[in-house]
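Before any comments, here is the structure.
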Amino acid sequence: MFEISQLNKRNQKTQKLFQLLFMMMTLLLITPVLIILGTLIYKGGGIISVDFLFTHPTDGMTAGGIFPALFGTVWLVAVALLVSVPVGVAAAIYLSEYAPDNWLTRIINLAIINLAGVPSIVHALFGVGAFVIFFKFGTSILAASLTLAIMTLPVVIVASRESLQAVPKAFREACWNMGATRWQTIRRVVLPNAVSGILTGVILEVSRTTGETAPIMFTGAAFFLPYLPQGVFDQTMALSLHLFVVSTQVPGVPEELPYGVALVLIAMVLLMNSISIAFRMYLRGKKKWLAT
């Protein structure tokens, strides 16, 4: 009895030690984020105003607002999502529900993994060659968004495939036993139960797409434009490139301006992610799996 009591005490001490260790690691990860946000708010919060958000840059981009860059970023992200999400989900459905386990499928999976590790500057050069020159889209929102869509496609495919495979196989078998076809099962049962997980890939894509600079610098983003884009074949300003420009290329920029642009960029990413997360939580709340 004494030995069991001593063993329990040692186990409790070990458990508390690892709990403390994991908590310290979590705090270590959160601390840099809080420091970055605090620095941006402290140095750039004073410049944030309605005029800053909804007016054009003036005086050689040393004054004025960031509305063209903000508007252009929304354009780029929206078009990239419209392209990559349907293609990515369709590819995930094929790999998860239709593709046999053979050498071709394994090569496709390997290609997706390798594509996720390609540097963004390489995607930029691909975008120039494929969309700007070969398809003759020119330096435009469409070329830049397609480049971003190709770059983030592996994230959507992997997240969607994992979500589809997480749906219990019993759901599929029940539908097949009722006479439903494979596509009817996917459309009416599998996809509705996997959509919350698919949104995880969309959230990750929004975060990366909004902050990328190299792919859009060569394919569609402009240094400065005195007007707003009217369509997908126009060039546009973007927050990430604008931040790079006012931080390194424009002399005489007030110190708070780059910090203000960075703060708006992060706030935009957080807002988009928050909307996606709230929608995902709503969908998860509606999903009810009965334990068997």
Scan segment 225-236 and give yes if some residue there is touching a Ser or Thr at 6+ places or on another chain (Cβ under 7 Å), without any contact (Cβ under 8 Å) to a residue 40 or more places away in the chain, on the phi < 0 side of the Ramachandran plot and surrounded by 14 or more Cβ atoms within 10 Å (Cβ to Cβ), otherwise no. no
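Restricting attention to segment 177-190, and to residues there that are surrounded by 13 or more Cβ atoms within 10 Å (Cβ to Cβ) and farther than 17 Å from R161 by Cα, which single residue is nearest to the chain's Cα centre (by Cα)?
Q184
Condition check ((1) of a type in the set (V, I, T); (2) free of Cβ contacts under 8 Å to residues at least 60 places away in the same chain; (3) within 30 Å of V246 (Cβ to Cβ); (4) buried (at least 16 other Cβ atoms within 10 Å of the Cβ)) across all residues:
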{"position": "I30", "(1), (2), (3), (4)": "yes, yes, yes, no"}
{"position": "G38", "(1), (2), (3), (4)": "no, yes, yes, no"}
{"position": "V50", "(1), (2), (3), (4)": "yes, yes, yes, no"}
{"position": "G60", "(1), (2), (3), (4)": "no, no, yes, no"}
I need the full set of residues from segment 79-105 which are without any contact (Cβ under 8 Å) to a residue 60 or more places away in the chain and either surrounded by 15 or more Cβ atoms within 10 Å (Cβ to Cβ) or touching a Pro at 6+ places or on another chain (Cβ under 8 Å) (or both), in order please. A99
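Would you say S247 is assigned to a helix (DSSP H, G or I), out of contact with any strand residue (DSSP E or B) (no Cβ under 6 Å at 6 or more places or on another chain), surrounded by fewer than 18 Cβ atoms within 10 Å (Cβ to Cβ) and among the hydroxyl-bearing types (S, T, Y)? First the steps, then the outcome.
Numbers: assigned to a helix (DSSP H, G or I): yes; out of contact with any strand residue (DSSP E or B) (no Cβ under 6 Å at 6 or more places or on another chain): yes; surrounded by fewer than 18 Cβ atoms within 10 Å (Cβ to Cβ): yes; among the hydroxyl-bearing types (S, T, Y): yes.
For S247, the condition - assigned to a helix (DSSP H, G or I), out of contact with any strand residue (DSSP E or B) (no Cβ under 6 Å at 6 or more places or on another chain), surrounded by fewer than 18 Cβ atoms within 10 Å (Cβ to Cβ) and among the hydroxyl-bearing types (S, T, Y) - is met.
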Result of the Cβ filter at 8 Å on segment 169-184, keeping first residues that are under 15 Å from S96 (Cα atoms) and among the basic types (K, R) and partners that are at pLDDT 85 or above and open to solvent by 60 Å² or more (accessible area, probe 1.4 Å), at least 6 apart or interchain, is R182/Y98; R182/W176
In segment 111-161, how many are free of Cβ contacts under 8 Å to residues at least 24 places away in the same chain, open to solvent by 20 Å² or more (accessible area, probe 1.4 Å) and among the hydrophobic types (A, V, I, L, M, F, W, C)? 5
Across segment 252-273, the tally of residues that are assigned to a helix (DSSP H, G or I), at pLDDT 85 or above and not aliphatic (A, V, I, L, M) stands at 4
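Go through segment 36-73 and report how many residues are of a type in the set (V, I, T) and touching a Ser or Thr at 6+ places or on another chain (Cβ under 9 Å). If you could, list the steps in order and put the result at the bottom.
In the first step, residues of segment 36-73 are kept if they are of a type in the set (V, I, T); the result is 36, 39, 41, 47-48, 50, 55, 58, 62, 66, 73.
Restricting the remaining residues to those that are touching a Ser or Thr at 6+ places or on another chain (Cβ under 9 Å) gives 66, 73.
Count: 2.
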Evaluate the following for L70: is it open to solvent by less than 50 Å² (accessible area, probe 1.4 Å), farther than 27 Å from A166 by Cβ and aliphatic (A, V, I, L, M)? yes
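Kindly indicate which of V122, V118, V89 is modelled with pLDDT under 95 and touching a Ser or Thr at 6+ places or on another chain (Cβ under 9 Å).
Numbers: V122 fails: touching a Ser or Thr at 6+ places or on another chain (Cβ under 9 Å); V118 fails: touching a Ser or Thr at 6+ places or on another chain (Cβ under 9 Å).
Criteria check complete, one pass: V89.
I need the helices (runs of 4 or more DSSP H) fully contained in segment 107-200, keeping only those with at least 2 residues that are among the β-branched types (V, I, T) and closer than 28 Å to R284 by Cα. It would help to see each step written out before you state the result.
Working: elements: 120-127, 141-166, 169-177, 182-185.
Output list reads 141-166.
The values are calculated or read from the model by the stated rules, or taken from the named source; none is laboratory data. Because the structure is a prediction, the values reported are computed rather than measured. For neighbour counting, all protein chains shown are included, and Cβ atoms are generated from backbone atoms with ideal geometry for every residue, glycine included. Areas reflect the complete protein model, heavy atoms only, side chains present, ligands, DNA and RNA absent. Shrake-Rupley method; radii C 1.70, N 1.55, O 1.52, S 1.80 Å.
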